[in-house]
Amino acid sequence: MNTAAAHIAIVDDEPDITQLLSGYLQTQGFRVTALHSGLALMNLMRSDPPGLVLLDLGLPGEDGFSIARQLREHWRCGLVIVTGRGDAIDKVVGLEVGADDYVTKPFDLRELLARIKAVLRRLQPAEPVAEAAAAGERLCFAGWQLDAAARRLLSAHGQEVSLTSGEFDLLLAFARHPGRVLSRDFLLEHTRGREAGPFDRTIDVQVGRLRKKLEPDAEIPQLIKSVRGAGYILVPAVSSAP
């Protein structure tokens, strides 16, 4: 995927921020649309949906978390929250509602660019040569089918379950290593690569979201179990679909 050709929407009520980001991202080859409200974003999603949204939580008179939820419920796109709210609780909530990443202001433009590119790569990843044969793999466990090529999760009834790019990569890491205890560092490396940061609560949040989508009772998980002090393990056997 040519990430530089992607369409990016910037949603921020501060003109200085949107002008700065728009100018910088355009010099990097992106097509950029600058917006100042959630309503404008929803209109854009219907008319010219971007591949990634940079969303400020502090839009006046609007709930940024609610906007993020609407995006996740109705559209597939990258979502990076860019906000001045650096509290750990806000970060957790942002990840819980489906953000792929969370960046606090003030930020370094080069770091933000790296995070944007990382999210876009995860949306349509380029497989390394060693993994090219696995690009068409379909992994089955406990009635679920994970299609690596199409990046889809199907239930036993053939219904597709919506996953964020981070959730999909996390579940794929589990499905490729069933029955093994995987540390947070291992999972961060396999879902965020070199862009992984010290905020490893990201994995805990994404595991919690996966449990809600996979488990009959997310409070008593049977598929993805915690191993105290070590990480997580996918319990059921995994087979390859024909």
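Ignoring any ligand, DNA or RNA, what whole percent of the accessible area of the chain comes from carbon and sulfur when the probe is 1.4 angstrom?
Working: 5920 of 11620 Å².
Carbon-and-sulfur percentage of accessible area, whole number: 51.
All other residues whose Cβ lies under 9 angstrom from that of Leu139 are scored, Lys and Arg at +1 and Asp and Glu at -1, for a net of 0. Counted by Cβ distance under 14 Å from Leu35, the other residues give a net charge of -4, where Lys and Arg count +1 and Asp and Glu count -1.
For the chain, the tally of Lys pairs with Cα-Cα distances below 24 Å comes to 8, considering only residues 8 or more apart or on different chains. Packing, taken as the mean count of other beta carbons within 10 Å per residue, orders the peptides 80-86, 215-221 from highest to lowest as 80-86, 215-221. 3J(HN,Hα) couplings calculated from phi for segment 50-61 with the Karplus curve 6.51 cos²θ - 1.76 cosθ + 1.60 (θ = phi - 60°) are, in sequence order, x, x, 8, 10, 9, 10, 7, 6, x, 6, x, x Hz; Gly and Pro show x. Set the Förster distance to 25 Å, then compute FRET efficiency between Arg76 and Ala237 from the Cβ-Cβ distance, nearest 0.05. After rounding, the FRET efficiency stands at 0.25.
On a per residue basis, the chain carries 48 Å² of accessible surface, using protein heavy atoms and a 1.4 Å probe. Positive end of the dipole of the chain (Cβ unit charges, origin at the Cα centre): among Leu146, Gly166, Pro60, the Cα lying farthest that way belongs to Leu146.
Which of the peptides 227-233, 185-191, 12-18 is most tightly packed, and how do the rest follow, going by the mean number of other Cβ atoms within 10 Å of each residue? It would help to have the intermediate numbers written out before the result.
Numbers: 227-233: 13.1, 185-191: 18.0, 12-18: 15.4.
Taking the mean over residues of other Cβ atoms within 10 Å, the ranking is 185-191, 12-18, 227-233.
Here Lys91 sits with roughly 50 square angstrom of accessible surface, probe radius 1.4 Å.
The values are calculated or read from the model by the stated rules, or taken from the named source; none is laboratory data. It should be emphasised that the depicted structure is a prediction, and the values quoted were computed from it without experimental measurement. All Cβ positions, glycine included, derive from the backbone under ideal geometry; neighbour counts span all protein chains shown. For accessibility, only protein heavy atoms count, side chains too; no ligands or nucleic acids. Shrake-Rupley method; radii C 1.70, N 1.55, O 1.52, S 1.80 Å.
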